[in-house]
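Below is one structure, written out as structure tokens; comments come after it.
The values are calculated or read from the model by the stated rules, or taken from the named source; none is laboratory data. Keep in mind the model is a prediction, meaning the values are calculated, not measured. Note that each Cβ is placed from the backbone with ideal geometry, even for glycine, and that neighbours are counted across all protein chains shown.
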Amino acid sequence: MVLSFLIVVFSSALLLFYVQSICKKVLQREFRRPYCEKVLTAMHLEYPRLLAAFSPGASVDYSRAHLALKCDFIALSYLLKNGDDPHRLISRHERIMLFYFSFLLFCLPFRHTLHLREQEAVFKLSTMLQFFANLVGEKLTVTAFGSLLNGS
């Protein structure tokens, strides 16, 4: 019984390490332009204000931060899945990123309760939202450009 529990724990830890490594590699992708600025102005996302609020020594309402991150994630994940072409499937790396973000967001209240580097988690979540915003902006720009080419 103990051995099977240890195998499950070790396997779960390896899975999370693998997912984290993939996400770190995906986040290193460079975009040609900062597409996120257009998405930020169009959607009024909250995560840039969260980054400013999490300066050292500042007091932050974590329940409000959690809600803001969750709302931004829901909006961006919807646009990723349905923004450019509703019949296009999202890539495997994008699915892994969405899963890892959901996992980190789920763990954020526990990290805050136990005081386990919650500020680092908010920075990581905000970085992932920045990536999602760039990805949405790039996909929508490419789709709009493609429709202009096909329409003429």
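Hey, among the residues in region 127-149 that are among the aliphatic types (A, V, I, L, M) and more than 13 Å from the chain's Cα centre (by Cα), which one's modelled with the highest pLDDT?
Top of the filtered list is LEU140.
What do you reckon, is ASP61 acidic (Asp, Glu) and over 16 Å from the mean Cα position of the chain (by Cα)?
yes
Out of all the residues in region 93-102, is one or more out of contact with any Ser or Thr (no Cβ under 6 Å at 6 or more places or on another chain), farther than 25 Å from LEU14 by Cβ and either small (Gly, Ala, Ser) or surrounded by 13 or more Cβ atoms within 10 Å (Cβ to Cβ) (or both)?
Scanning region 93-102 turns up no residue that is out of contact with any Ser or Thr (no Cβ under 6 Å at 6 or more places or on another chain), farther than 25 Å from LEU14 by Cβ and either small (Gly, Ala, Ser) or surrounded by 13 or more Cβ atoms within 10 Å (Cβ to Cβ) (or both).
Limited to region 25-71, what total is found for residues that are of a type in the set (D, E, K, R) and more than 26 Å from THR113 (Cα to Cα)?
Summing the residues that are of a type in the set (D, E, K, R) and more than 26 Å from THR113 (Cα to Cα) in region 25-71 gives 7.
Inspect all residues belonging to region 89-103 and state whether any of them is at positive phi and outside any helix (DSSP H, G or I).
Checked against the condition, which is being at positive phi and outside any helix (DSSP H, G or I), region 89-103 yields no hits at all.
Hey, any hits in region 113-126 for a residue that's in a helix (DSSP H, G or I), more than 12 Å from the chain's Cα centre (by Cα) and buried (at least 18 other Cβ atoms within 10 Å of the Cβ)?
Among the residues of region 113-126, at least one is in a helix (DSSP H, G or I), more than 12 Å from the chain's Cα centre (by Cα) and buried (at least 18 other Cβ atoms within 10 Å of the Cβ), which makes the answer yes.
Can you pull out the residues in region 107-136 that are closer than 17 Å to VAL60 by Cα and in contact (Cβ under 8 Å) with a residue 12 or more places away in the chain?
Within region 107-136, LEU108, PRO109, HIS112, GLU118, GLN119, ALA121, VAL122, PHE123, LYS124, LEU125, SER126 qualify.
Can you pull out the residues in region 1-37 that are closer than 16 Å to HIS93 by Cβ and part of a loop (DSSP other than H, G, I, E, B)?
Those that are closer than 16 Å to HIS93 by Cβ and part of a loop (DSSP other than H, G, I, E, B): GLN28, ARG29, GLU30, PHE31.
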